[in-house]
1. For region 385-415, enumerate the residues that are at positive phi and either within 34 Å of the chain's Cα centre (by Cα) or not in a strand (DSSP E or B) (or both).
2. Would you mind finding the one in 75, 29, 71, 79 that is assigned by TED's automatic domain parsing to the domain that holds residue 254 and farther than 30 Å from residue 110 by Cα?
3. Going by the conditions given, is residue 621 touching a strand residue (DSSP E or B) at 6+ places or on another chain (Cβ under 6 Å) and surrounded by fewer than 19 Cβ atoms within 10 Å (Cβ to Cβ)?
4. Collect the residues in region 594-604 that are crowded, with 21+ Cβ neighbours inside 10 Å and either part of a helix (DSSP H, G or I) or more than 27 Å from the chain's Cα centre (by Cα) (or both), keeping them in residue-number order.
5. Looking only at region 708-729, how many residues end up being under 23 Å from residue 102 (Cα atoms), surrounded by 15 or more Cβ atoms within 10 Å (Cβ to Cβ) and out of contact with any strand residue (DSSP E or B) (no Cβ under 9 Å at 6 or more places or on another chain)?
6. Consider residue 577 carefully, then state whether it is assigned by TED's automatic domain parsing to the domain that holds residue 604, surrounded by fewer than 13 Cβ atoms within 10 Å (Cβ to Cβ) and either at pLDDT 95 or above or part of a helix (DSSP H, G or I) (or both).
7. Take region 579-620 and flag every residue that is touching a helix residue (DSSP H, G or I) at 6+ places or on another chain (Cβ under 7 Å) and within 19 Å of residue 525 (Cα to Cα).
8. Can you find a residue in region 223-246 that is part of a strand (DSSP E or B), touching a helix residue (DSSP H, G or I) at 6+ places or on another chain (Cβ under 9 Å) and within 21 Å of residue 183 (Cβ to Cβ)?
């Protein structure tokens, strides 16, 4: 090699080194920036989740106190009393009893418009109320809960908040029901379960007045914080932290009452702590790698000077030898050596990402016959076309390899985090490849047909070695050949059984719709007087060989495909047909039927049109039809939900929110939905008298429904004590085994006779 060419190569090496260094710099900068943005996004999401939980917890607490204060009008019989006839001693005793049962309250009191104490749970000195607080509470037409500014108690130097609402006496005199709550108790409710480094939490008004805060800032309580925050739905922005003023991510959301919101501030310093460690690690790693590249480049320049002549001799041979070492010479696919390396990388990747992949081992059926009858040239043409078809029907990052002869391997990575889903997807891909390989081949002006037997094995985080996976797939392939060829088998018998059972059940469901194998059961819904006012329809599957199949076994499978839409339409049509028959009989004309709607069914673009069509075909009065929607369904694409509900509501269709209390619904959204009814989830009803917190949740839901003007019905009522508790707190509609199990139509219609109902 001439000195000029050697110099050219040296300059090329230096250019490559510089390019690598530039690429490393850009890659590291990009990675550090992405990690920086990810850290901020993660912190913002964590802050938003915390605020949502804190608002929900505080809303439940304040709603309970609001309901308690409102109930004093009945508890103290104020609507029957005059100011001069009020029994102060008796009223005070009642207030003491209520405070004794409620850990949140320090004191309850009843005041007149001049701040005179009419009755109190404790007559120790009540701190002076903030200016204009009673004026706000006592204003005409104000009958909702008001929250005072923080007040310091002189006796123990603690801060308290006053919660008050206006009540009326018999003569129309306005009085104020006042509850005293420790600020630190509200702090505890807001931050319970929080584990966010550097978190600052504030409860403040829209004008910035601080009502409570963590970490505790007693000197700031009652003052106006700078930069008042926006009211409304959940919002996260980059702002100064509310207490310290540091640059921070601040999430805000309004609570139900009195123009008050919760703000969670995560200082950027805390949010980026982990990122800084990662940044330093990446930077040091990049420096080490850059140093290695520089060293390698220097060594290469030195080595080039000594090996220029040798390279000149073998340069035509730096690429052919390498290609022959890793690729099949006939199909240009990776060979066993390169495949093994990629399988090892796939195993590492699966362990890191906690995902599953599949190895497919393909062997052409009767390939030897083509070689023997048509010659090896024709056989080679077939192998090339097989390679082309395989690579054309897998993803770009999948690997198709040839092991030799007529054996091919397909490596499918990152299919799913769920093993069954990964296997199901691999089965579909395998079937696609099988169908493609079964298409005719044009070889030497003649048409030939072939097929393939495919063995599959699943791999994940704790899978065996590459050699073991190839062995497993090979065993499964021979099992496919033994079963008649042109088939796919999984190495794991249980996985194969699960996939087969899943596929069989889905196929049976499609037949069940065509062959009318479904039946409806009816579970009564009754009033407090034992009158059956309607029923919820529940689907059952009368399978010719499986027998009666409950919904829990087939609904999840149906919801994975569009067959749930066909089933849902059948249920709606059948229910409306029955409703039409009832509405023609005066004795049953007022009955209502509740029909559950799945998420996939509701999200159909023509769902409203389908419901309208069913109503028109059956001729029902729409007010007898009640559609039950879950919280998760309703809150997914809320604008689409409201539009569809509003359109059907205009026809007279009623709506009930099923399993209420188990989701994460926002109260602000709840007020926007055209609902008629809330359905208390049976998990809370079941724990009445057993788990006090669930009983409190039931009371809260009933109070919330009452305030929103909604019906409330409890499902899962099984005992008289549960019914008595619900009735005592204002729930007068029930569904459960106490009144009747789900049964076919004749059994339900028998319950319409009053003498058959429980006392």
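1. We begin by selecting, within region 385-415, every residue at positive phi; these are 404-405, 414.
Listed by number, the residues that qualify are 405, 414.
2. Details: 75 fails: farther than 30 Å from residue 110 by Cα; 71 fails: farther than 30 Å from residue 110 by Cα; 79 fails: farther than 30 Å from residue 110 by Cα.
Only one candidate passes the filter, namely 29.
3. On the way: touching a strand residue (DSSP E or B) at 6+ places or on another chain (Cβ under 6 Å): no; surrounded by fewer than 19 Cβ atoms within 10 Å (Cβ to Cβ): yes.
Here the answer is no, as residue 621 does not meet what is asked.
4. Passing the criteria: 601, 602.
5. 2
6. Numbers: assigned by TED's automatic domain parsing to the domain that holds residue 604: yes; surrounded by fewer than 13 Cβ atoms within 10 Å (Cβ to Cβ): no; either at pLDDT 95 or above or part of a helix (DSSP H, G or I) (or both): yes.
Taking the combined requirement at face value, the residue does not satisfy it.
7. Keep residues of region 579-620 that are touching a helix residue (DSSP H, G or I) at 6+ places or on another chain (Cβ under 7 Å), which gives 579-580, 583, 588-589, 591-593, 595, 597-602, 604, 607-608, 610-611, 614-615, 618-620.
The answer is 579, 580, 583, 588, 589, 591, 592, 593, 595, 597.
8. No - not one qualifying residue is present in region 223-246.
The values are calculated or read from the model by the stated rules, or taken from the named source; none is laboratory data. No experiment lies behind these values; they were computed from the predicted model shown. Virtual Cβ from ideal backbone geometry, glycine too; neighbours counted across all protein chains shown.
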